Amino acid sequence: SSDELPLVRISEVTKRFGDFTALDGVSLDIRQGEVVAVIGASGSGKSTLCRTINRLETITSGSIIIDGTPLPEEGAELAQLRAEVGMVFQSFNLFPHRTVLDNITLAPINVRGIPKDKAVARAHELLERVGLADQAAKRPGQLSGGQAQRVAIARALAMDPKIMLFDEPTSALDPEMINEVLDVIGDLAATGMTMLVVTHEMGFARNVADRVVFMDAGQIVEEGDPATFFTSPRTERARDFLSKVL
Ligand code: ADP
Ligand code: MG
């Protein structure tokens with residue numbers, strides 16, 4: 001049964017850009033309800049890993065299975081799968097000329113075919129959940145970076161994803177806004193949402209994630225329980241990385 005399989009199974013995935021190997025035999029299981037933090041130096045392949053999970057990048061070899069279904073190459077199945085994987089990037093990419101409410105309801109209405117009144121009601125619920133109940137009529141340009149990123153999270157959630165992928169969701173934010181976004185992600189974790197979070201916030205990786213994955217040069221070098229990883233990394237590469245970021 002699907003209870004026995006992880007929600008996401010990444011097996012021996014390699015991704016090459018020309019001669020350059022960005023992912024080098026990466027295998028990772030993500031269980032239902034698990035929060036996995038991915039850490040590692042710039043250029044280690046973290047974004048590429050995120051992008052392969054919903055086929056923003058095709059993989060060179062290996063396989064990725066989401067909820068029992070291998071990632072399709074194209075077509076309607078790919079669109080369906082993308083809808084099941086919520087993605088939040090460093091830059092929020094909101095539609096600048098649409099209201100916050102429209103930003104959240106457009107895809108559910110147009111891609112999912114959800115009736116407008118239902119989509120609007122759900123958007124208000126989600127705005128409440130990310131602490132922006134009073135911002136529905138604003139345009140993205142009127143929001144702070146932290147507010148805009150919380151709208152981006154609400155927008156992803158509006159598609160009822162099976163998993164949320166976050167690629168450095170706080171890296172573009174002013175320091176005082178980082179925690180408001182991390183708190184929303186932490187609240188989501190508490191509701192049992194399955195998440196892969198690429199982050200430079202070591203406190204978040206240590207305190208919120210169930211598991212930490214350390215990448216270097218396109219490989220997963222170490223993974224495990226955060227408390228163990230941060231206090232006693234096993235590899236020289238991880239010790240080296242931690243000495244720079246902690
Ligand atoms: P990270 O997110 O850990 O900083 P990335 O996954 O963005 O790392 O990139 C890993 C490596 O792959 C980097 O050296 C980057 O230059 C390279 N890379 C990423 N995307 C492309 C691309 N579209 N074409 C060529 N090289 C790329
Ligand atoms: Mg990156």
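Nothing in this text is a laboratory measurement; each read-out follows from the coordinates by a stated rule. This is a predicted model, so every value here is computed, not measured. With ideal geometry, Cβ positions are generated from the backbone for all residues, glycine too; neighbour counts draw on all protein chains shown.
Assorted remarks:
- If R0 is taken as 45 Å, the Cβ-Cβ distance between Gln142 and Arg234 corresponds to a FRET efficiency of 0.40.
- The chain, relative contact order in percent, only Cα pairs under 8 angstrom and at least six apart counted: 26 percent
- Over region 1-80, relative contact order from alpha-carbon pairs under 8 Å, at least 6 apart, %: 36 percent
- Multiplying the residue separation of Ser27 and Glu128 by 0.36 nm and subtracting their alpha-carbon distance yields 32.7 nm.
- Given charges at beta-carbon only (K, R positive; D, E negative), |dipole| of the chain in Debye: 540 debye
- Extension gain for Asp183 to Glu74 (0.36 nm times residue separation, less C-alpha to C-alpha distance): 35.7 nm.
- Relative packing of peptides 140-148, 232-240, 207-215 - highest average C-beta neighbours within 10 Å first: 207-215, 140-148, 232-240
- Cα gyration tensor shape for region 1-145, rounded if a/c is under 1.5, else prolate or oblate: prolate
- Cross-link pairs beyond the 29 Å C-alpha cut-off, checked among Lys118/Lys138; Lys46/Lys162; Lys162/Lys244; Lys118/Lys162; Lys46/Lys138; Lys116/Lys138: Lys162/Lys244; Lys46/Lys138
- Relative contact order computed over region 95-237 (Cα-Cα under 8 Å; 6+ residues apart), in percent: 18 percent
- Region 117-170 and region 43-83: distance between their alpha carbon centers, rounded to Å: 24 Å
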